[in-house]
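Q: Please see the structure below; I have some questions.
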Amino acid sequence: RKEVEQDPGPFNVPEGATVAFNCTYSNSASQSFFWYRQDCRKEPKLLMSVYSSGNEDGRFTAQLNRASQYISLLIRDSKLSDSATYLCVVNPTGNQFYFGTGTSLTVIP
Amino acid sequence: SQTIHQWPATLVQPVGSPLSLECTVEGTSNPNLYWYRQAAGRGLQLLFYSVGIGQISSEVPQNLSASRPQDRQFILSSKKLLLSDSGFYLCAWNRGYEKLFFGSGTQLSVL
């Protein structure tokens, strides 16, 4: 079983739409969770950390459900510039960071 | 502020040739350092990580090796490249259990 599983998409949504991505993880002892954004042929960049109580940063909301072992990312009012691949990342122990394969998002004018 | 430098950005190498990719971090001390590889259309695969000088942990068996000769320098090497070594190589650093910061990556094509 993979450490992190993510729906690869692609998600094609119109500008202004709300889109949600989910990601499941296998290690119930995992402590840290993140969402990264990766543009084509570029390095991943941190979008936001995911906290137990859920957290919001502008149009982006991240949620953690420890009981079901999944994390989610909600993007409201999608912009063209949100088009990218979104990676969920789980850190079960110390130096181990496991990445999902990424979910591709294209925002259409 | 901390910065991470990785070079070269692009590399085309023949099968059987050696490889050396270098990564350096500035603005911090005793970082954890990582090498990841991303094959086309695939997720990131952890290759090596290091928690200190000379301390290297390997995640997958392969013909690659890593070294950390200085606190903020991490090198990925191969004596003989294979076609399957092609990919996007990313160096990253962090402190403790905090989030990762990535270098700009090296696109390696083995022909």
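Q: Quick test of your reading: applying the under-4.7 Å Cβ rule, which cysteines of chain A are isolated?
A: When partners are defined as cysteine Cβ atoms under 4.7 Å apart, chain A leaves A:CYS40 without one.
Q: Determine which aspartates and glutamates satisfy two conditions relative to B:LYS79: a Cα distance under 17 Å, and not lying fewer than 8 residues away in the same chain.
A: The qualifying aspartates and glutamates are B:GLU22.
Q: ³J(HN,Hα) across the stretch B:39-52 via Karplus (A = 6.51, B = -1.76, C = 1.60, θ = phi - 60°), whole Hz, x for Gly/Pro?
A: 6, 3, x, 10, x, 7, 10, 6, 9, 9, 9, 9, 9, x
Q: Also: For the stretch A:1-44, max minus min Cα coordinate along each principal axis, in Å, sorted largest first?
A: Answer, in whole Å and largest first: 38, 23, 19 Å.
Q: So which lysines can A:LYS45 reach, going by Cα to Cα under 25 Å and dropping same-chain residues fewer than 8 places off?
A: Result set, ordered by chain and number: A:LYS2, A:LYS79, B:LYS99.
Q: Using modelled backbone amide H atoms (1.01 Å from N, in-plane), which distant-in-sequence or interchain residues come within less than 5 Å of B:TRP7's amide H?
A: Long-range HN contacts for B:TRP7: B:GLU22.
Q: Same structure again: Run down the aspartates and glutamates and flag those whose C-alpha is under 16 Å from the C-alpha of A:LYS42, throwing out any fewer than 8 positions away in its chain.
A: A:ASP82
Q: While we're on this one: Give me the net charge of A:LYS2's neighbourhood, meaning all other residues with Cβ under 15 Å from the Cβ of A:LYS2; Lys, Arg count +1, Asp, Glu -1. Write out the running numbers ahead of the final one.
A: Details: positive: A:ARG1, B:ARG42; negative: A:GLU3, A:GLU5, A:ASP7, B:GLU59.
Here the charged neighbours net out to -2.
Q: Along the Cα-to-Cβ line of A:LYS79, 7 Å from the Cα, sits a label point; which residues in the stretch A:91-109 have backbone N less than 14 Å from it?
A: A:107
Coordinate-derived values only; no laboratory data. Everything numeric in this text was worked out from a predicted model, so none of it was measured. Neighbour counts run over all protein chains shown; Cβ positions are idealised from the backbone, glycine included.
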